[in-house]
Amino acid sequence: MPSAQMMTTKGKEGLRRKLIVSMLLVGAVPLAVGLAMAFFQGTKEIREVSGTSFEALATETARKIDLILSDELSKISQITTDVNIIQALEVRRDQFADYGDEALQALIAQETKEWTDEDPQLVQRLMKNDLVTTLQRYDSGTYVDQGHPIPVITRSATRGLFITDVAGRLIATLNSNVPYAHSHEPWWQGAFKKGVGQLYIANVAFNEQLKIYTFTLSLPIMDSLRYQVVGVLHRIYDAKEFFSSHIDTIRFGETGHVMLIDGNGMVLSCPVLPTGTRLSDPQIIPLVTLMQNGWTPAPSDGHGGVRSSIIGFAPLPTTSRITQNSTGMGWHMFVWQSSDELFAPIEHLFTWVAAFGLLSITLLAGLGYLAASRIVTPIRRLQEAAKLIGHGTWQEPIIIKTGDEIEELADEVNRMNTQLAATFAGLESEVETKSQEVQYLQESTAQILDSVPDPVIMLDQEKQVVYLNRASKEAFHLTDTGQLKGKSLFSILETDSMTQQKIGKEFQSIGASSTGETPEMTKALNGKAGGLRDPLQQVTGQAAASDRQEIRVNGQIYRYQWFGVRARPGQNQEVGLVFRDVTEESRLQDRLIKEEKLASIGVLSAGIGHELNNPLVGVIGLGEAIQDEENPSQIKEYAHSIVQHGRRMASIIRDFTGQATSQVKAQSSEVNLNEQLQHALNGVKETYDAVSMDIQTDYQDLPAVMGNPQELSQAFVNILTNAVQALGDQGILKVSTTVREHKIQVTIEDNGQGVPQHLLPKIFDPFFTTKQQGEGAGLGLTIARRIIQKYEGQIQVMSKEGAGTTCQITFPLSNHHPSGKNGGTS
């Protein structure tokens, strides 16, 4: 007996040891192998996916920048074909036909000295001639396309625009800080190309005069016969300002961005590195400046980091061909993200999984010991009993005395064996009853869906039709519906490919996976209220605007909505589509939009009529005065006033047709507010009978402001016209200017009838007026406030009924020009 007991104990200890070792091996080895494979495979896939994404982003951004530069070249090339410019350059060429080289060089040296000394006559001739006027109009966009002027970014990034003749001499320029002679410059020689002509794009370089990094575009100007070059057009751009709005906004993650470099690795534009710097690692430059798209692992990140990284690159197709011919190197797009950020997810995952793996191995060791001690033997006895129960041959109850859950499990097995015999007897009848209930539910559901007036279609995971209600068959003109079940959704909905792709993506976002519900399906099933929402329920408000989806089928417009359907256990989820015909609603909406456009045209016409009425009345009055006037000087003064009214009307028309915005920069100049105020007052006095009025003026010395004098004069005319009309035949009108609290203040007061307090908040509303029918359109103060606010000013009206009206206009001193003061008069 002792020997047998020792052998039994030894056998139990061996089984325990084997169980513990087996559990550790089963847990530890796959865990270690899985961790290693997951880390290396995950790193490889992240590298592949990120590299492909970086390449695609670099290619798309390169194509975008290439299109921007091509469009810029197209606009500039229109200047080189201007007939006036070509004729002027041909005259210059013919003038120097008889000049020898020494005489020509002496002339250039003399004119260069005059330009350097800022000789007034030479500066006047080169910056205020007909060619400069033409350049200004092209630069403002009025010659290129009046509906699509030169973009603001292009104009603001321009730092120089000028034309040279065949000798490289400056003949017209918009800027004074440029050299006079250019025949020795590489860009001029490249664009001139010995008289043949060639487009030349220079690399980014530091401009000593402008103190910024710039790049230039140079285009040859051919003669009338397109035979030889007669001049060169040269435009200078601020590289950072030109490219930053298109490149700096492309960011992903915390460090991911794109940058533009040339063939030498110099940065043209980058949100991190300053323009003009070079990539910190020279080894990267040949890897990312290939004339083809791609991505590559790099030994460093090019931004000063030493850790390896992934870089996507792509050349600018058209621009690189031009720069290759010009400077021998191309321009390239460079996409990069920090390796720490790129590989952080997989590293964090590896760390956490390794920690949990070690914890799992410890738990496995403990569980193995307990299992060997208390679980293995009773489990085997239960296994044998289960086999007998499965075969239906077990009769005697199993007896296990462990005092724990295994003993309870043995009791449950005994009770289960007893109950199985009784349960099997009524199982068949219960199954039949349940089957009938399921069939009834299916038939009632089908009847309910057939009674719904909107089309309903049910789909499986492969987008194949599993059910159509009666409304679907009628709406989509389906006859043999039995043949359509199991067919693709798009065999029923005949739509274009773009709509099919859109519906396919929507289906994937809420469809069910083969392993169960996805988060999107759960959201679709639960709805926003936490329960299964009726897909046919009307949705209003903001939810309706966000969920609105439409499709056109057989000439009808349907608004559709996805909904999920819970599947029975063991079956895959299904997705449903419900449609509602909104064809008439869409047509009504189109008619409403058309009527709104017609109403807008009426508003614009009324505004133009109101604004043109005041200067037009002045023109008529001055014309009648000229007929009876014999004094030539007085007639000349009347004619000058008529011209001023005409210019004001032209400015109004440009403003209403959208041209004023594109010309504000060219029209801005120093404005004497006192002179414009007095000019407006004279115009109003000429328009209305102001003989019996007491007009008092008090003009203090004011700083000059930068603005459009015609616009400011128009604003003053509108305000003064309201004041004069409020006075009637007689009264007191006070006009004064002063500087107070760092602001220029203009005050216009009258002692007329005033405005009731409840109407004051409405006086700036379009078409609001207190005048009689036909005396005003209610747009004067609206337009005056818009003009004043345009120059950062403010207008305030204070009035009481029967006590007159005071209008105060203020302009900030930050808008004044430091050159001098406006004289004051009283």
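The values are calculated or read from the model by the stated rules, or taken from the named source; none is laboratory data. Being a predicted model, the structure only gives us computed values, none of them experimental. Counting neighbours? That spans all protein chains shown, and the Cβs are built from the backbone with ideal geometry, glycine included. Surface accessibility is based on the protein's heavy atoms, side chains included, excluding ligands, DNA and RNA. Shrake-Rupley method; radii C 1.70, N 1.55, O 1.52, S 1.80 Å.
Quick notes on this one:
- Label zone at Leu759, where the point sits 7 Å out along the Cα-to-Cβ direction: region 713-750 residues whose backbone N lies under 12 Å: 726
- Estimated distance in nm for a label pair at Ser692 and His348, the labels positioned 7 Å out from Cα along Cα-to-Cβ: 8.4
- Annotation: region 689-747 has a Kirkwood hydrodynamic radius of 13.1 angstrom, from the mean reciprocal C-alpha pair distance.
- Computed over protein heavy atoms with a 1.4 Å probe, the carbon and sulfur contribution to the accessible area of region 165-297 reaches 55%.
- Probe 1.4 Å, protein heavy atoms only - accessible area per residue of region 57-341 in square angstrom: 45
- Taking amide H atoms as placed 1.01 Å from N in the peptide plane, the amide H of Ile400 has no partner under 5 Å among residues 5 or more positions away or on other chains.
- For Asn175, residues with placed amide H under 5 Å, excluding near neighbours: Leu161
- The HN-Hα couplings worked out from phi for region 381-389 by the Karplus form 6.51 cos²θ - 1.76 cosθ + 1.60 (θ = phi - 60°) are 5, 5, 4, 4, 5, 4, 4, 5, 5 Hz, whole numbers, x standing for Gly and Pro.
- Charge dipole (Cα centre; +1 on Lys/Arg Cβ, -1 on Asp/Glu Cβ; no other charges) of region 216-316 amounts to roughly 120 debye.
- Among the listed pairs Lys75/Lys211; Lys743/Lys790; Lys64/Lys240, a Cα-Cα separation exceeding 18 Å is found for Lys75/Lys211.
- Comparing Pro282, Trp187, Ala62 along the charge dipole axis of region 57-341, the residue lying farthest to the positive side is Ala62, per the Cβ-charge model.
- Cα gyration tensor category, rounded, prolate or oblate, for region 667-720 with a/c compared to 1.5: oblate
- For His645, the accessible surface of its heavy atoms amounts to roughly 10 Å² (probe 1.4 Å, protein chains only, rounded to the nearest 10).
- Packing-based ranking of 555-561, 499-505, 719-725 yields 719-725, 555-561, 499-505, ordered from highest to lowest mean Cβ neighbour count within 10 Å.
- Extending 7 Å from Cα along the Cβ direction at Gln198 and again at Glu474 yields two label points whose distance is 7.5 nm.
- Model label points for Gln730 and Phe206, set 7 angstrom from Cα along the Cα-to-Cβ axis, are 7.7 nm apart.
- Förster radius 22 Å - calculated FRET efficiency between Lys434 and Gln571 (Cβ-Cβ, nearest 0.05): 0.85
- Mean Cβ count within 10 Å, highest first, over the residues of peptides 726-737, 403-414: 726-737, 403-414
- What the phi angles of region 439-451 give under the Karplus curve with 6.51, -1.76 and 1.60, with θ = phi - 60°, is a coupling list of 4, 5, 5, 5, 5, 5, 5, 4, 5, 5, 5, 5, 7 Hz, glycine and proline written as x.
- For Ile744, the residues whose amide H sits under 5 Å from its own are Phe811, Leu813, ignoring neighbours fewer than 5 places away on the same chain, with H placed 1.01 Å from N.
- Centre-to-centre, using Cα atoms only, region 292-352 and region 433-480 are separated by 54 Å.
- Kirkwood Rh in Å, taken over region 57-341 so that all alpha-carbon pairs contribute: 20.3
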